[in-house]
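To start, the structure itself, in structure tokens.
Values quoted throughout were computed directly from the atomic coordinates according to the rules given, and no laboratory measurement underlies them. Quick caveat: nothing in here was measured; it's all calculated off a predicted structure. In this analysis, Cβ positions are derived from the backbone assuming ideal geometry, glycine residues included, and neighbour counts consider all displayed protein chains.
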Amino acid sequence: MVNISNLQEKLYRPVNGWAALVLSIAAYILSIVGVAFSGMAMDNGSVIGLIGFVICLVYLCIGWIWWLGLKVIRPNEAIVLTLFGKYIGTLKTEGFYFVNPFCTAINPAAKTKLNQSGDVKVGTAPVSVNANGSVNVNGELVSNKISLKVMTLNNNRQKINDCLGNPVEIGIAVMWRVVDTAKAVFNVDNYKEYLSLQCDSALREIVRIYPYDVAPNVDTTGDGVADEGSLRGSSDLVASRIRDEIQSKVAFAGLEVIEARITYLAYAPEIAAVMLQRQQASAIIDARKMIVDGAVGMVEMALEKITNDGICDLDDERKAQMVSNLLVVLCGNRDAQPIVNTGSIY
């Protein structure tokens, strides 16, 4: 009994397709010639002629079955073959080949299409299986070949709470490919749907660890040490962790996740306006702090310059008044309206 979880891909060694095609055509020609000569022998009452006639006629009727074993493999394509329910190998080398015509090509995800929007659509129309193993959905022929090319899954945007409980909308694009056709076909029911589901799960697992923006005293590494990681500021790190999380889940299905990238990131609509006001307030506070720091430095420099150059002697009260006036001028939102004192200041 084969253990499905330990099933490994094995290569199928086919026969050259051109040689098989030439032989089958030659056999048809010989059968036609044999029918003609056997018919002539039957007229002479030959039993051998009758037997030959029957054999050639039967071959003419069922000889086309051999053509079902002819397979064309393009670059980066594979066919998983089973014979009466038993996995016999995978045909991966590009070219024209002949296999056992009774072999069946298996691809449970043949009718599944991962759209660019990330929706997984499975054909719900009447499905028929052709003699060569291809699937007919709604009159459209769907091949059972498995693509080994690098494909992109652009998952739908999801609303997920970050580590601070703020709902954010995030979308990712995942570049992936099939590396083990046997695992992809036999270990899961539909490897495309399985990948899409695991992408959603991994995205939620990682996003809930990080805040949207940098937040103090937040552990995003899981080692108990706070760092400055965030969804907005550490997108490469977050994408790398999402990729590793997805890979750990889909390796069982014979899939390789090459790269994961964040394609969309924003606060959820219900809190977006409030968070925008919060960001604006934070920016205003930071700007004001910078203005005040600069103004204090300029006032300090002015007092030091007046004292060192001996321009005038100011008591503490006049220094306080001067500091107040300079801060008002430097920190105000509007241009200052100076008042010139023509009399004595004392």
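A compact table of results
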| quantity | calculated |
| --- | --- |
| Estimated FRET transfer efficiency (D244, K113; beta-carbon r; R0 22 Å; 0.05) | 0.20 |
| Gain in span if fully extended, D313 to A26, counting 0.36 nm per residue against the direct Cα distance | 91.4 nm |
| Length added when fully stretched, N325-K305, from 0.36 nm per residue minus Cα-Cα | 5.5 nm |
| Computed label-point distance, nm, for sites F37 and D293 using a 7 Å Cα→Cβ extension | 10.3 |
| Contour minus Cα-Cα distance for S235 and W18 (0.36 nm per residue) | 72.9 nm |
| For peptides 70-78, 239-247, sequence by mean Cβ density within 10 Å, most packed first | 239-247, 70-78 |
| Eligible lysines near K183 by straight Cα distance, threshold 30 Å, same-chain separation 8 or greater | K10, K71, K86, K92, K111, K113, K121, K145, K149, K192, K249 |
